[in-house]
1. For q = 0.13, 0.21, 0.24, 0.25 Å⁻¹, what log10 I(q)/I(0) does the stretch 219-281 give under the Debye formula with an equal point scatterer on each alpha carbon and no solvent?
2. Rank by packing, highest mean first: peptides 78-91, 98-111, with packing defined as the count of other Cβ atoms within 10 Å averaged across residues.
3. Please express the Cα-Cα pair-distance distribution P(r) of the stretch 127-226 as a list of whole percents, one per 5 Å bin, running from 0 to the bin with the greatest distance.
4. Which one of 158, 55, 232 has its Cα pushed farthest toward the positive end of the charge dipole of the chain, where Lys and Arg give +1 and Asp and Glu give -1 at the Cβ?
5. Ranked highest first by the average count of other Cβ atoms within 10 Å around their residues, in what order do 124-133, 143-152 fall?
6. Going toward the positive end of the dipole of the stretch 13-105, with +1 on Lys and Arg Cβ and -1 on Asp and Glu Cβ, which of 103, 42, 20 do you reach last?
7. Might you tell me the accessible area per residue for the stretch 164-245, computed with a 1.4 Å probe and given in Å²?
8. Can you compute the charge dipole magnitude of the stretch 143-281 about its Cα centre, using +1 on each Lys and Arg Cβ and -1 on each Asp and Glu Cβ, nothing else charged? Give it in debye, rounded to the nearest 20.
Amino acid sequence: MGQLLGKERLFSYLDKFGFGKKTGIDLNGEGEGIIFPLSKVGNIELATTAFGQGISVTPIQQITAISAVLNGGSLLKPFVLKNILEPETGNVMYQNETTIVRQTISEKTSEIMRYALESVVALGGGKAAYIDGYRIGGKTGTAQKVKDGVYLVNNYIMSFVGIVPSNDPQAVLYIAIDNPKNTALLSSYTTTPIARRILLDIIEALNIPKQEGGIEKDWEWSDKVYYEIPNVVGKTKEEAKELLEHFTIEYSGEGEHVISQSPEAGERIEDGSTIKLMLGN
């Protein structure tokens, strides 16, 4: 890929996305990262840069760049402080505004990338971050650590970038684990399960609704499978039992027909979950 792009084009995109220089975030001590000067890029530097070795980037650079990939291509200047209020009156004394630094890619390319990142979670190495009913995108990362100019053996930073929802992103999550122990040295096993739990909290905090039309997960034998609950109101007890074959049924009331059900029809819940049926005549 690096050879196909050529060093000028590859490094022009590194520059467009802000790698190798500070983002200007309102925090002290921000690093620039390390990128090869174009004049010193030969075939080896081109190859290693293409797969992420020989360079270093900061987490805020990662988040800033991935946000540009997702939002239609606009690289934004990040900030922590939203505003400063006058304590007595509540008047806004200072307000941070959205600042577009530059355009990086086209809206069409951004749309393709949102789909690609969703496919990573549904079909690829990010499956453990999949949340049924929500369109989650993401990408795993594995960075070999360096000491005294030498790459360490079995010593990595495992990372994951998660996006929710992938078709209309409202939040980006970056999580990294420094040198995890007693686990497979793959980010798909280490960071993605943790990211899923945090993404569930983000969904709740931002009140993100469920969506249809996402990429269906490529299920594995160990995965929790979800099924949509059919409408069994008005059905006989035996008919309801047949339709609810994937669930545990809990009955209440007397009679041969279902007069209400909980949860309601249309909701997707985990295989084996309990459905409560009220019976009557």
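1. Log10 of I(q)/I(0), two decimals: -0.33, -0.75, -0.93, -1.00.
2. Values: 78-91: 10.6, 98-111: 13.6.
For the peptides 78-91, 98-111, the packing ranking is 98-111, 78-91.
3. With 5 Å bins starting at 0, P(r) equals 2, 12, 22, 20, 17, 12, 8, 4, 2, 1, 0.
4. Projecting each Cα onto the dipole axis, the largest value belongs to 55.
5. 124-133, 143-152
6. Of 103, 42, 20, it is 42.
7. Numbers: 5340 Å² over 82 residues.
Heavy-atom SASA per residue in the stretch 164-245 reads 65 Å².
8. Values: 13 positive and 22 negative charges, 157 e Å.
It comes to approximately 760 debye.
The values are calculated or read from the model by the stated rules, or taken from the named source; none is laboratory data. Just so it is clear, the model here is predicted, and its values are computed rather than measured. Positions of Cβ are backbone-derived with ideal geometry, glycine not excepted, and every protein chain shown enters the neighbour counts. All accessible areas refer to the heavy atoms of the entire protein, side chains included, with ligands and DNA or RNA removed. Shrake-Rupley method; radii C 1.70, N 1.55, O 1.52, S 1.80 Å.
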